Structure formats: C-alpha cells, structure tokens
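Student: Quick one: the structure is below, questions incoming.
Nothing in this text is a laboratory measurement; each read-out follows from the coordinates by a stated rule. Since the model is a prediction, treat every value here as computed from it, not as a measurement. Using ideal geometry, Cβ is built from the backbone for each residue, glycine included, and neighbour counts are taken over all protein chains shown.
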Amino acid sequence: MIFLTVGTQEPFDRLVRAVDAWAATHDVPVFGQLGRLAADSYLPRHFPFESFVSADEFQERLEASRLLVGHAGMGSIISALSAGKPLLMMARRAALGEHRNEHQLATAARFAGRPGLHVAADAQAVPDLIDELLAQASPTPGGGQISPYASPELVNAIRDFIHQRR
C-alpha cells in the first residue's frame, strides 16, 4: 500500500492530483490523509481518503505501507525515518499558494539524498518516482531508519554541556 499524507493544515492539490493520476493506472492500493480541505479542493477518484486520521490509525497505515508519499514537512520525514519506510516528498510552494513561505524547498533540498528520502521536483516527476521506488527490491536501500531514542553520543554531549555550565 501507498500512504499519502499531506499534513493537516491546508490542501495540497498538486500532490493529490499526481498520486490520483498514478493510482488510476496501477493496481496498488493507496490511502490518503488529505488534511484540511477547502471547498474547491481536489478530491481523488482512484483511492480512498480521509481529511484526518487518528494518531493510532496513522501509525497503522504507515506500518502497513510500502511507500509514504507526502509534503516536505518534518512530520512526514520523521515518521518515514522512524518507521524505516521510504518517503517520496514534494515541497509545497508558496509561489503556487500552497504555503506561507518557501521553507519546504529548503527542507527537501537538505534531506535529499539521505537513504530512504526521495524528492520529486514537481508533480510530473511523482508517477515515475513512485514506479521506481516500488520496483526496488529493498525500498529503503542503505537503511534509513532512525531510533526513537537519542543516541548515547547525543545524551553524553548534552550531559557534558550541562555540567560545563555549572
């Protein structure tokens, strides 16, 4: 299954349309969490969706998925890395009225190339990238999963910092 999540604050029609077009020609289940929808938001015709799902349902769908598709938000990135799932992300663009500023472009650029994280430059790139990622024997080459716990090195660095400040 592909799990599409676009955050909870505002619609992301450009990404939803791209995934819906892909779903129209493929026999792979897709489920979408589309967030707050506007009166004129695009509603997918080729996969089921909800505006919001509970945290438990989000986790269940994430764990059941082969691929997470989402906006370039930190919640999507951390969710994918924590679950060891590949993420295909596309940045919301303020210039297109999808966000307040262009910070998601910087986020996508910063994380591009990390194992398990893949960036679509635009909606036209989404279908081919979905096909490519689903075709990979190991969808997250080189790992990519992060621990839900801080590393001992980080804990020690924070401990040392605190003790130096006394």
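Student: Kindly give Rg over Rh for the chain, based on alpha-carbon atoms, with the Kirkwood expression for the hydrodynamic radius.
Tutor: Value, to two decimals: 1.03.
Student: Where Lys and Arg each count +1 and Asp and Glu each count -1, what net charge lies around F47 among other residues with Cβ under 15 Å from its Cβ?
Tutor: Every neighbour counted, the sum reads 0.
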